[in-house]
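Data first, discussion second: the structure below is written as structure tokens.
The values are calculated or read from the model by the stated rules, or taken from the named source; none is laboratory data. The structure presented is a predicted model; accordingly, all values stated were derived computationally and were not measured. The area values use the complete protein model at the heavy-atom level, side chains included, leaving out ligands, DNA and RNA. Shrake-Rupley method; radii C 1.70, N 1.55, O 1.52, S 1.80 Å.
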Amino acid sequence: MAFRPRGPRPGPPKSAEEIDEIVRKLRNEQTRPENYRERSLKLHGWICAKCGREFELSNLHLLTVHHKDGNHNYNPPDGSNWENLCVYCHDDEHSRSILADYLAGKDKKR
Ligand SMILES: [Zn+2]
Ligand SMILES: [Zn+2]
């Protein structure tokens, strides 16, 4: 490990473009995984999209956010990739796709 005791000094005041970049990064932060659940609950309501079970604060932890395309990093702010599912339906959703993959022969690699 090579330490650089005297790193580059902070440059002149940031340009508008640099500030733009920082703002963009901060905006992206807002859709971090820790926050998408809250956003999805706000957008879609405290209700399971599959079985229609309604939730309240005391059991809200049983309501989870499913990513429709399976990509947890795809979190569009309009919520189009999210579905609120209770843990049971969520589990079901995933075991179904595992089963579908299995039936489609995608499991053969193992
Ligand atoms: Zn459900
Ligand atoms: Zn899911």
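Observations on the model:
- Between Lys50 and Cys86, the built amide H atoms are under 5 Å apart, and every one of these is 5 or more places off in sequence or on another chain.
- In Hz, Karplus ³J(HN,Hα) per residue of segment 59-69 (6.51, -1.76, 1.60; θ = phi - 60°; x = Gly, Pro): 10, 4, 5, 7, 9, 10, 9, 9, 8, 4, 8
- In sequence order, calculated HN-Hα J values of segment 36-46 (Karplus, 6.51, -1.76, 1.60; Hz; x Gly/Pro): 5, 4, 4, 5, 5, 4, 5, 6, 9, x, 8
- What segment 37-100 shows is 63 Å² of accessible area per residue, with the surface traced by a 1.4 Å probe over protein heavy atoms.
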